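To start, the structure itself, in structure tokens.
Any read-out appearing in this document is the output of simple, stated calculations on the displayed coordinates, not a laboratory observation. No experiment lies behind these values; they were computed from the predicted model shown. All Cβ positions, glycine included, derive from the backbone under ideal geometry; neighbour counts span all protein chains shown.
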Amino acid sequence: MDINLMIEITPLLAKAAWVTIEISARALFFGFFIASALVALRTARILPVRWLARSYISVVRGTPYFVQLLLVFYGGPAIGLRLDPFTCGVVVGAFNIGAYMSEAIRGAIESVDSGQSEASRSLGFGRFATLRHIILPQSAGLMIRSIGVLAIILVKNSSLVSIISVVELTYQAQRLIGSTYKPLEVFALSALMYIVILYAVMGIVEFLYRRATRYTYL
């Protein structure tokens, strides 16, 4: 194994790893708001609205992220939607993870015993106040854990944006292999960087989980 080569290419891969982090973080951020909107639509009193939200989630979860990425990037210009590769990766990632995250959030909320809501309403709390002060604090732990798993999946899926020429970690690794002909060294270093990123994500999730459940009792 060429250690000198690994030291030499570390800055290039580290820069690409930052692109991976940036795409994943932005997609997760916007995906959370998309997921929240979908949860609200799924619980709307208007039946067609609930049906549309449910259909969107089913379509997104039922098609590969890779296909969605190619469809938006290469098919988008046909309807006037032209996105640069980086933006496309963020947008598709956000709408994809948002569908999965909405089910995680909804499941966490529904895990709270319905008696909690009934007791809250009997005390005069409105629907929003009940959700904010009663339901969300109790469901936060499960919600954070579920979103954490999805965040890890999102980081792994970010490697697929290399197909549309985003210079993230996987794409940079492929370029370096083409110029150095040392796949073992390049991919070993790339894998190590992915592991570091994923362990950082798990650490953040664990920290947030402990904060969210510090004062929660069952």
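The alpha carbon centroids of region 137-175 and region 1-72 are separated by 7 Å.
Within the chain, the longest segment free of exposed loop sites, counting trypsin sites (Lys or Arg not before Pro) that fall outside DSSP classes H, G, I, E and B and have at most 15 other Cβ atoms within 10 Å, spans 83-213. How many percent of all Cα-Cα pairs in region 135-218 sit more than 14 Å apart? Considering region 135-218, 70 percent of its Cα-Cα pairs are separated by more than 14 Å. By how many degrees, between 0 and 90 and to the nearest 10, does the Cα long axis of helix 169-180 differ from the longest principal axis of the chain? The angle comes out near 10 degrees. When the Cα positions of 86, 16, 48 are compared along the charge dipole of the chain, 48 comes out farthest toward the positive end, with charges on each C-beta of Lys, Arg, Asp and Glu. Simple rule: put +1 on each Lys or Arg Cβ and -1 on each Asp or Glu Cβ in region 65-218, find the dipole, and look at 137, 181, 69; the Cα lying farthest toward the positive end is 137. The charge dipole of region 14-139, taken about its Cα centre with unit charges on the Cβ atoms of Lys, Arg (+1), Asp and Glu (-1) only, comes to about 260 debye. Charge tally for residue 180 (other residues, Cβ to Cβ under 15 Å; Lys, Arg +1; Asp, Glu -1): -1.
Given +1 at the Cβ of Lys and Arg, -1 at the Cβ of Asp and Glu and no other charges, the dipole of region 3-212 around its Cα centre is 580 debye to the nearest 20.
A straight chain from residue 214 to residue 36 at 0.36 nm per residue would run longer than the Cα-Cα distance by 61.7 nm. Here the Karplus curve 6.51 cos²θ - 1.76 cosθ + 1.60, taken at θ = phi - 60°, turns the phi angles of region 135-144 into couplings of 6, 4, x, 7, 9, 4, x, 5, 4, 5 Hz, with x standing for Gly and Pro. Gaussian network model of the chain, Cα springs within a sub-10 Å range: biggest mean-square fluctuation belongs to which of 139, 122, 36? Result for the chain, Cα springs under 10 Å: 122 fluctuates most.
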